[in-house]
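Everything below concerns the one structure shown next.
The values are calculated or read from the model by the stated rules, or taken from the named source; none is laboratory data. Not measured: the values here are computed from a predicted model. Cβ sites come from the backbone with ideal geometry, for glycine too, and all protein chains shown count toward neighbours. Heads up: the accessible areas ignore ligands, DNA and RNA and are worked out on the full protein's heavy atoms, side chains in. Shrake-Rupley method; radii C 1.70, N 1.55, O 1.52, S 1.80 Å.
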Amino acid sequence: DPRNVWTPPYGLTRFSDLFTNRQLVAMTTFSDLVGEVRERVLADALPVWGESGGGGRLGSPSDSGNAVGVSSSQAPSGPSQAARSHILGGERLEDGGAGAVAYADAVATYLGLGVSKMADMNNSLARWKQSMDQSIALFSRQAVPMVWDFAEVNPFAGAAGNLTVSLAGMTKVLDRLPAKPPARAAQADATSLRYGTPALSTDPPYYDNIGYSDLSDFFYVWLRRSLSHIQSKIVSTVLTPKADELVANPYRHEGKDGAERFFVEGFNRVFARVREDADPAGPPMTVYYAYKQQDAEAGGAASTGWTTLLQGLIGAGWEITATWPVRSELSNRMLASGTNALASSIVLACRPRPEDAPATTRRVFLGLLKAELPAALRAMMLGAVAPVDLAQAAVGPGMSIFSRYSRVREADGSDMPVREALTLINATLDEVIDAQEGDFDSDTRFAVKWYRAYGWNTESSGTADMLSRATGTSLAALERGGIFLARGGRARLVGPSELAGGWDPVVDHRVSVWEATVRLAAVLAGEGVDQVVSLLPAVGVRVCVEMVRELGFLLFHEAEKKGDSRDAVLFNSLVSSWGDLTAQARRAASSTRRGVQDTFDVMISRGREDD
């Protein structure tokens, strides 16, 4: 199973192989202590619930004192502890209890969660992070990868991997939870629920991208050991249930076609069930998605995951009314290290499509795309959308047009599939970005066309001369601008590494948007934010800084189409941080002007000749 997240290819064939002997001793000991702690909590809590007549509520036994702080020696004489637990303590937590027994179960459940969380650090595949001088957790992505260093934490050191540290984050949440109304969490089949809630927000499975239940087993085995007698209904199975999990796993559903059929049918049942209960006047349903909608292996067509999600929504009678990106991914996660990875989730706001929604044709749909999508895309580009997220974010306004109709007919009368609609949206995105070229100066237009055709590679000077004439410039002017070299019949663009050195825009006699963009991107990558901030005011005197941002979008788009991840990361970083860079530049300029007289008031007086 190539989707398996585990490690048999590395020779680690048993679950215990993921832990050293010392770690196994520590983890099993912590797990077993959860049950002992529960018994002590129960013994301390019973007298308090007894004094209040078996009343009180979970987490606040009574007003007579802290349940955990009451010594068991204070327990009244009489029936045995087991009998008193039944009489005074009430039902177990998993049965809906709210007495001393449920209170002890709740404390033990939190401790069990803390112990299972420790497993992320206390294993033999934890990694060492030099910049932090400490070990860091195994799961930086949804897999158990082989690592080439070894770092074993001390579970009593008061640092990451310590039980108190694992519990600290949980206690911060609990401290902030309101007492009323109580929140409820339940595990249920999404295809059979009744969705009568005022609002629904969901982050659905990503087709075959992640095996959630397989990942859960890493923590589940520890939860089962510590909580098998406390949450017996939840942890009743040896491993997590997998057969009904809504992911397209071909090894559970008789091959790829069976897996796709299982996923699509389940997905559509969920959205159709939600649609039955939806109130058109109520809040929209929001759907999060963080999987790239373009698949290079499919020639730029929409991925199966995106197609399935959107087809399920639209087929169930939903209309996409809004979309926006939400920055949900850490920049320091392993997937993002030196890669062109999504930084955001895309949120689709959906409302029930009217039953009497009209049909339309491919021609009308394409005309509406060209009329409405460019303005929406430009608004995103002026906002905080990173270039790497733009194609993903463009799905929203594009599918908003597509989903407002009951059907979009092709020329032969058939219904346009979602995959074809996404292809047309991507083509319109290309047109919008390419249309920006006409706003640039002649040197920049030449450089963009050269980069699109040849990248940083060398070609003949004759080709360069013809292209320069066509774009209204010349090879001599391009060389004076410092962005192009033509020697011995060969010519090429000057690369980012060559433009990363010292540069003063004020004394540079020929500054193009291309030079400013490439230099700033190279400086950001090599010297950091502060140096770029110091250059921006002078750059703004020579060229329009917003043009720099627009060119960054364009160059990222071209680099991604060429499959050049290094350039894509370079230009995505510049545009993604553009808002912060310009804000810092404005603050710096404001602070330097304070107390400085920008102009002189000159008064001329006619008086004595020697005045």
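The modelled label-to-label distance between Ala379 and Ala199, using points 7 Å beyond Cα along the C-beta direction, is 2.1 nm. Rolling a 1.4 Å probe across all protein chains gives Leu524 an accessible area of roughly 30 Å². Using the Karplus relation 6.51 cos²θ - 1.76 cosθ + 1.60 with θ = phi - 60°, the per-residue 3J(HN,Hα) values for region 483-488 come to 10, 9, 10, 10, 9, x Hz, with x marking Gly and Pro.
In a DSSP loop and with at most 14 other Cβ atoms within 10 Å, the chymotrypsin sites (Phe, Trp or Tyr not before Pro) in region 120-153 are Trp148, Phe150. Using only the Cα atoms of region 145-256, build the gyration tensor, take square roots of its eigenvalues as a ≥ b ≥ c, and label the shape rounded, prolate or oblate: rounded if a/c is under 1.5, else prolate if a/b is larger than b/c, else oblate. Taking the square roots of the gyration eigenvalues as a ≥ b ≥ c, region 145-256 is oblate. Using the Cβ-Cβ distance between Asp257 and Ala371 with R0 set to 41 Å, the FRET efficiency from 1/(1 + (r/R0)^6) comes to roughly 0.55. Neighbours of Asp443, meaning other residues whose beta-carbon lies under 9 angstrom from its beta-carbon, give a summed charge of 0 when Lys and Arg score +1 and Asp and Glu score -1.
So, with a 1.4 angstrom probe, what is the percent of accessible area on region 429-518 that is carbon and sulfur? Its accessible area is 50 percent carbon and sulfur atoms. Here's the picture: a label point sits 7 Å out from the Cα of Glu39 along the beta-carbon direction, and within region 211-247 the residues with their amide nitrogen under 19 Å of it are 225-232. Under 21 Å Cα-Cα from Lys129, which lysines qualify once same-chain neighbours fewer than 8 residues away are excluded? List returned: Lys117. Each peptide among 255-263, 534-542, 177-185, 550-558 gets the average number of other Cβ atoms lying within 10 Å of its residues, and from highest to lowest they stand as 550-558, 534-542, 255-263, 177-185. Taking every protein chain into account, the accessible area of region 86-190 amounts to 58 square angstrom per residue (probe 1.4 Å). In summary, the lysines within cross-link reach of Lys370, defined as a Cα separation below 26 angstrom excluding same-chain residues under 8 places away, comprise Lys292, Lys449, Lys561, Lys562. Taking only protein heavy atoms and a 1.4 Å probe, the accessible area of region 163-219 is 59% carbon and sulfur. Per residue, the accessible area of region 459-579 comes to 41 Å², computed with a 1.4 Å probe over protein heavy atoms only.
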